[in-house]
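Below is one structure; the comments refer to it alone.
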Amino acid sequence: MGEERKGLSDGLDESGGDPRVVLAMNALLSLWLGWTVVWGLDLLGVMEYGLTTVAGVALAIFALTYVVVLR
């Protein structure tokens, strides 16, 4: 019983992980959120729905989350 069990935060701190997975998840979730935001704003008549609009909003969300995570 000399060994202590490690908690979840200890495991996360020791995990190297692959940053490509984080970037891919960020891109996918940013695209989904961007589509949802543009769809909602189009429904309200605030913004025109289109592929370039969704891509622009998704890119802005991706960049914002990337900067916030790396600070």
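The values are calculated or read from the model by the stated rules, or taken from the named source; none is laboratory data. In this text the structure is predicted, and so the values were computed from the model without any measurement. These accessible areas exclude ligands, DNA and RNA; they are computed on the full protein's heavy atoms, side chains included. Shrake-Rupley method; radii C 1.70, N 1.55, O 1.52, S 1.80 Å.
Find how much the distance from residue 33 to residue 21 grows on full extension, using 0.36 nm per residue of separation minus their present alpha carbon separation; answer in nm with one decimal.
2.5 nm
Taking each residue as 0.36 nm, the span from residue 41 to residue 55 lengthens on full extension beyond its C-alpha to C-alpha distance by 3.6 nm.
For the set 68, 46, the ranking by accessible area, highest first and with no ligand, DNA or RNA atoms included, is 46, 68 under a 1.4 Å probe.
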